[in-house]
Amino acid sequence: MRTRVSGIAAFVLVSALAGCAGGPPAPEPDVMEVILPVPAEQVKTALSDVLTQGGYTVDQDDAGNLTTGMRTEIRSPWNGLLRWRFGVGKSRVEARVIPQDDSSTRLRLQVFHRGKNGIFDSWEDAETPLPQSAANEIRLLKNALRLL
């Protein structure tokens with residue numbers, strides 16, 4: 001009887017530890033798709049301006065893709081060190097601008113965010129903070145295009 005009880009206790013302990021062994025679940029992708037009643041070139045220009053004002057460096061290609069580097073967290077020579085080691089979050093954006101017709105555009109915008117808890121932790125995918133979220137970037141874009 002004693003062996004059976006200790007066996008059950010060991011099973012419960014191992015089960016509890018196995019449940020804690022996995023890392024945190026990956027966050028949902030931060031993606032928004034909208035159709036804007038504005039020509040594609042106007043959307044590209046406004047989106048580039050909004051992202052640049054938000055601290056991103058923007059690259060555009062001929063196919064309608066906008067990509068950014070990691071967001072500038074502070075305007076100083078120490079920004080690279082902040083993003084590389086000391087920071088708690090860093091983000092970048094990818095956008096696809098697709099002309100629907102002469103007066104409307106489909107926009108797919110995704111924000112990739114990585115975060116960590118401390119100086120010696122490693123960077124992991126994390127939930128995007130509200131100021132850098134895809135929803136907020138779309139809101140800023142609509143405001144720049146005077147659609148709100």
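Given the Cα atoms of region 27-91, and with Rh set as the inverse mean 1/r over their pairs in the Kirkwood sense, what is Rg to Rh to two decimals? For region 27-91, the value is 1.04.
Using Cβ point charges alone (K and R +1, D and E -1), the dipole size of region 72-148 about the Cα centre works out to roughly 200 debye. Taking amide H as placed 1.01 Å from N in the peptide plane, Asn65 has its amide H under 5 Å from the amide H of Val97, each at least 5 places away in sequence or on another chain.
If R0 is taken as 22 Å, the Cβ-Cβ distance between Thr52 and Lys142 corresponds to a FRET efficiency of 0.85.
Less than 9 Å Cβ to Cβ from Leu148, Lys/Arg counted +1 and Asp/Glu -1: what total charge do the surrounding residues give? Within the 9 Å Cβ shell, the charges total +3. All Cα-Cα separations within region 19-148 were binned at 10 Å from zero, giving a P(r) of 12, 40, 29, 14, 4, 0, each value a whole percent of the pairs.
Taking only C-alpha pairs under 8 Å that are 6+ residues apart, what is the relative contact order of region 36-88 in percent? Dividing the mean separation by the residue count of region 36-88 yields 22 percent. A 1.4 Å probe run over the protein chains yields, for region 45-89, 61 Å² of accessible area per residue, whole-number rounding. In order along region 51-56, phi translates into HN-Hα couplings of 5, 5, 5, x, x, 9 Hz, rounded to whole numbers, per the Karplus curve 6.51 cos²θ - 1.76 cosθ + 1.60 with θ = phi - 60° and x for Gly and Pro.
The length gained by stretching the chain between Asn65 and Glu28 to full extension, at 0.36 nm per residue less their Cα-Cα distance, is 11.1 nm.
Rolling a 1.4 angstrom probe over region 22-148 with all protein chains present gives an accessible area of which 51% lies on carbon and sulfur atoms. Sorting Ser122, Ser133 by accessible area puts them as Ser122, Ser133; the probe is 1.4 Å, largest comes first, and only protein heavy atoms count.
Close amide H contacts of Tyr56 (hydrogens built in the peptide plane, cut-off under 5 Å, sequence separation of 5 or more or a different chain): Thr72.
What the Cβ-Cβ distance of Gln100 and Asn79 gives, at R0 = 35 Å and to the nearest 0.05, is a FRET efficiency of 0.40.
Within the shell of other residues whose beta carbon sits under 10 angstrom from the beta carbon of Arg108, the net charge comes to 0, with Lys and Arg scored +1 and Asp and Glu -1.
The values are calculated or read from the model by the stated rules, or taken from the named source; none is laboratory data. Computed from a predicted model, the values in this text were never measured in an experiment. Cβ coordinates were reconstructed from backbone atoms using ideal geometry, including for glycine residues, and neighbour counts include every protein chain displayed. Heads up: the accessible areas ignore ligands, DNA and RNA and are worked out on the full protein's heavy atoms, side chains in. Shrake-Rupley method; radii C 1.70, N 1.55, O 1.52, S 1.80 Å.
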